[in-house]
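Participant: Quick one: the structure is below, and I'll ask about it shortly.
Computed from the coordinates by the stated procedures, all read-outs in this text should not be read as laboratory data. Predicted, not measured: the structure shown is a model, and the values here were computed from it. Positions of Cβ are backbone-derived with ideal geometry, glycine not excepted, and every protein chain shown enters the neighbour counts.
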Amino acid sequence: MSRITTKSLFASAATLAIAMATLSFAATARPRAQQLDPTAAQSVFERLKKLDGSWRSKSTKGWEETQQFRVLARGTAVVSQSTPGAATASKSADSPNSPMMTVFHMDGSRLLLTHYCEAGNQPRLVATSIEDGGRTVHFSFLDATNLASPAAGHMHSVVMTFLDDNHFSEQWSWYENGKEQWMESVNNERVASASAKH
């Protein structure tokens, strides 16, 4: 075997090893989330539309905020804007300190959300499963913008449970450096409109 041929084989082997390592890293960093079937995804989206209105939120760690849900763009998007309570900012390191926004919408047959986080990134999650006859829906990480690396801290999952028309809960998870940590639960109660009070 010639010297040139031997070098070529070593170079090919090295290239193949690098390619396989790159593919392995990509698969680990971004596992492919399984999505709901189209009918189930659309059903959850219709339920999200019913959240339209004002909500009072309280976490199991004690901090409070308000949420405003709105149905926009001819019914194709549901937007939630959260605003920390006046006393929340100084309560703990875990409490939100800035208004944030989450946008839900269908993308063909799948249901997505984009969370505009105070961490400075925007993770996209996809609805992956429902339980309890449609009362509980799980969203899992799909991808993100402004994420320095797959290991950088970001919201990674959320479970929403619809108790009735006026109450729902949510629990988010935070992912950083290879570890996913579930955060506190947040219980939400609808604020009656002025017209409903009379």
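Participant: With θ set to phi - 60°, apply the Karplus curve 6.51 cos²θ - 1.76 cosθ + 1.60 along the stretch 65-74 and write out the HN-Hα couplings as whole Hz, x wherever there is a Gly or Pro.
Facilitator: With coefficients 6.51, -1.76 and 1.60, one gets 7, 10, 10, 10, 9, 9, 9, 10, 6, 6 Hz.
Participant: From the phi of every residue in the stretch 100-114, what ³J(HN,Hα) in whole Hz does the Karplus formula 6.51 cos²θ - 1.76 cosθ + 1.60 yield, where θ is phi - 60° and glycine or proline is x?
Facilitator: In residue order, the calculated couplings are 9, 9, 10, 10, 9, 6, 7, 10, x, 9, 10, 9, 10, 9, 10 Hz.
Participant: As an exercise, identify the trypsin sites (Lys or Arg not before Pro) in the stretch 95-198 lying in DSSP coil whose Cβ has no more than 11 other Cβ atoms within 10 Å.
Facilitator: Sparse-neighbourhood loop trypsin sites (Lys or Arg not before Pro): LYS197.
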